[in-house]
Amino acid sequence: MNRETRTEALLQINTRYRRFMIGSSVVIFVSALYFMMHTTYSGVIAVVSLIPTLFFEWKQTTLYLQFNDDWTYRRLIKLQFSSLVFTFILLFSLIALFLTGQIHPDVLMWAVVIGAPPSVLLPLWIDRKLLKLDPEHVTSNMLAKANREKLKRRLDGIND
């Protein structure tokens, strides 16, 4: 499968689940406003707001797994999703520990400061490895550019 076909398939997932993401964001925003004065609920809502993104990434991962049958490629795709799930679980655990008073706010802050760069840099490193394995692989940067171009064409059509 060539890169253009892969990009189109991934853009279809973006389009299809954008409505889901917007709807869930509205529900989470309204919930956050309602529970604004409750520290416990607002912390949990911050973590729960990541669940739609996790679902979206899972759908993308299943599509990426269909692109190439190479064992190493599939392992790296699964590793990329696993790192996202691990980050989600770690963040949820840290928030839960903080809200129950088990850790000090400074520990939470340092855990986030130390844990954020690897959670951002690891997917970029995996994307680079995937591109070396499969020259037709669509990286997250390529997908973001294609999505911007699609939205730009759509907006240009509205303005004309």
Output the relative contact order of segment 3-137, whole-number percent, from Cα pairs under 8 angstrom with separation of 6+ residues. 27 percent
In nm, give the distance between the simple-model label positions of THR72 and ARG16, each being 7 Å from the Cα along the Cα-to-Cβ direction. 3.1 nm
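Report Rg(Cα)/(2.2 N^0.38 Å) for segment 19-137, keeping two decimals.
Numbers: Rg = 17.2 Å, N = 119, 2.2 N^0.38 = 13.5 Å.
Here the answer is 1.27, to two decimals.
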Explain nothing, just compute: Karplus ³J(HN,Hα) = 6.51 cos²θ - 1.76 cosθ + 1.60, θ = phi - 60°, for every residue of segment 102-112 in order, whole Hz, x for Gly and Pro. 7, 10, 7, x, 5, 5, 4, 4, 5, 5, 5
Once the Cα atoms of helix 140-159 and of the chain are each reduced to a long axis, what angle between those two axes, in degrees from 0 to 90 to the nearest 10, is obtained? 80 degrees
Helix 71-99 sits off the longest principal axis of the Cα atoms of the chain, rounded to the nearest 10 on a 0 to 90 degree scale, by 20 degrees
What residues qualify as long-range amide H neighbours of ASN68, i.e. H under 5 Å apart, gap of 5 or more or another chain, H built at 1.01 Å from N? none
So if R0 is 22 Å, what FRET efficiency would SER49 and LYS150 give, r being the distance between their Cβ atoms, rounded to the nearest 0.05? 0.30
With the dipole of the chain worked out from charges on the C-beta (+1 for Lys and Arg, -1 for Asp and Glu) around the Cα centre, which of TRP58, LEU131, GLN102 lies farthest toward the positive end? LEU131
Testing the spin-label approximation: label points 7 Å from Cα along Cα→Cβ at MET109 and ARG128. State their distance in nm. 3.2 nm
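Add +1 for every Lys or Arg and -1 for every Asp or Glu among the other residues with Cβ under 9 Å from the Cβ of ASN68, and state the total. It would help to have the intermediate numbers written out before the result.
On the way: positive: ARG74; negative: ASP69, ASP70, ASP134, GLU136.
Net of charged neighbours comes to -3.
What FRET efficiency comes out for the pair ARG3/GLN102, r = Cβ-Cβ distance, R0 = 41 Å, nearest 0.05?
About 0.30, to the nearest 0.05.
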Tell me the angle of helix 39-48 to the major Cα principal axis of the chain, expressed in degrees between 0 and 90 and rounded to the nearest ten. 10 degrees
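No lab work stands behind these numbers, since they all come straight from the coordinates. What you are looking at is a predicted structure, and each value in this text was computed from that prediction instead of being measured. Heads up, the Cβs are rebuilt from the backbone with ideal geometry, glycines too, and the neighbour counts pull from every protein chain shown.
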